[in-house]
1. Restricting the range 45-78 to residues that are in contact with a strand residue (DSSP E or B) (Cβ under 8 Å, 6 or more places away or on another chain) and without any contact (Cβ under 8 Å) to a residue 40 or more places away in the chain, which is nearest to residue 119 (Cα to Cα)?
2. Being assigned to a helix (DSSP H, G or I) and in contact with a helix residue (DSSP H, G or I) (Cβ under 7 Å, 6 or more places away or on another chain) is the filter here, so list the residues in the range 194-252 that pass it.
3. Please go through the range 267-320 and pick out each residue that is farther than 20 Å from residue 390 by Cβ, out of contact with any helix residue (DSSP H, G or I) (no Cβ under 7 Å at 6 or more places or on another chain) and surrounded by fewer than 18 Cβ atoms within 10 Å (Cβ to Cβ).
4. Filtering the range 349-370 down to residues that are surrounded by fewer than 20 Cβ atoms within 10 Å (Cβ to Cβ) and closer than 25 Å to residue 399 by Cα, which residue is farthest from the chain's Cα centre (by Cα)?
5. Given the options 188, 183, name the one that is in contact with a strand residue (DSSP E or B) (Cβ under 7 Å, 6 or more places away or on another chain), in contact (Cβ under 8 Å) with a residue 40 or more places away in the chain, part of a loop (DSSP other than H, G, I, E, B) and closer than 30 Å to residue 264 by Cβ.
6. What's the number of the only condition in (1) touching a strand residue (DSSP E or B) at 6+ places or on another chain (Cβ under 7 Å); (2) crowded, with 18+ Cβ neighbours inside 10 Å that residue 126 fails to meet?
7. Which is touching a strand residue (DSSP E or B) at 6+ places or on another chain (Cβ under 7 Å) and either exposed (fewer than 14 other Cβ atoms within 10 Å of the Cβ) or assigned by TED's automatic domain parsing to the domain that holds residue 389 (or both), of 214, 202, 193?
8. Looking only at the range 113-148, count how many residues are under 22 Å from residue 2 (Cα atoms) and assigned to a helix (DSSP H, G or I).
């Protein structure tokens, strides 16, 4: 398989001020395409270091994906470094310059003169048009290696890679793409996942890995090119069955499902139902995770139980939040004329909620028809983590109902 390296430029990456998410994303893309990724290298804003590294990579790698250093300021040195490393003088690209001018005129802003620098590209390079920002990328062959240089802004980089770079790769390399399947879970940690999968026979040719994120834990299966489809389906189904109701979606078998909010959105649209929500611990974040959702009729946030009691004109028994949640859900559904009502209450109070060393007990109540589904969770950690977990667990209760799963 062709050898690929990833090269990130920027003092903010080297000093730790910015996390290099670009390298991780590009590496995953490259492995799926069939490359062998051997190095991730980051270099600061020093011309000599950049030139030296580019020369090294040109001798040892078949392909290099580079990010950063294409901006208009004095510390953006990538194009200059390429010119010096490979003896390719910078040339003014009229098309690139017009595109940069258009970017500013579309936003009714004058183009600063310093942005002219971004239209200077190494002689003989292929321009990679940037429809998402000001900095065009460029690609070229130098020695053994084919380089693709892209902006460091993640949204711009991803679009340029997918729309400009990726289509060029099959003509330059013999690639045997791998197949990545990702099982997405909520409410279960990596160690518990590993324990549930113990004893499952996984072929040595299949790579398994785990990634724990803020919103989900992913179990990844990387199948080699040509792996039988039926075996992929059977192994994935076996793993998903062992993980049970914690699985909210699987990417890589058919359509990509996205995150939990995307899964819920698809399920609610298919069901043709509407929802009204009362948020406390999630502080409006549940609704914010579902922007533009036509099925979300209303979302109300109240900071305290007394304020919630006054708003609905009913006493809330803080010693029986399960019962209080059921009563509030019925009032909310009737007030908003929604099909479903989701009410979130928590035990612990504001002081406990703000204390990272103390946990709260979250009560979620989902009213559908005349039946209530309820869940109870202990949430610990900093306030932001409690808020995020509260939002996700509310959405997950709705997801489990729509998928007819047990709590």
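The values are calculated or read from the model by the stated rules, or taken from the named source; none is laboratory data. If you're wondering where the values come from, they're calculated on a predicted model, not measured in any experiment. Because the Cβ atoms are built from the backbone with ideal geometry, glycine has one as well, and the counts that use them run over all protein chains shown.
1. This residue is 45.
2. Matches in the range 194-252: 196, 197, 239, 242, 243, 245.
3. 269, 270, 272, 273, 292, 294, 310, 313, 319, listed by residue number.
4. 370
5. 188
6. Status for residue 126: all satisfied but (2).
7. 202
8. Within the range 113-148, residues that are under 22 Å from residue 2 (Cα atoms) and assigned to a helix (DSSP H, G or I) number 0.
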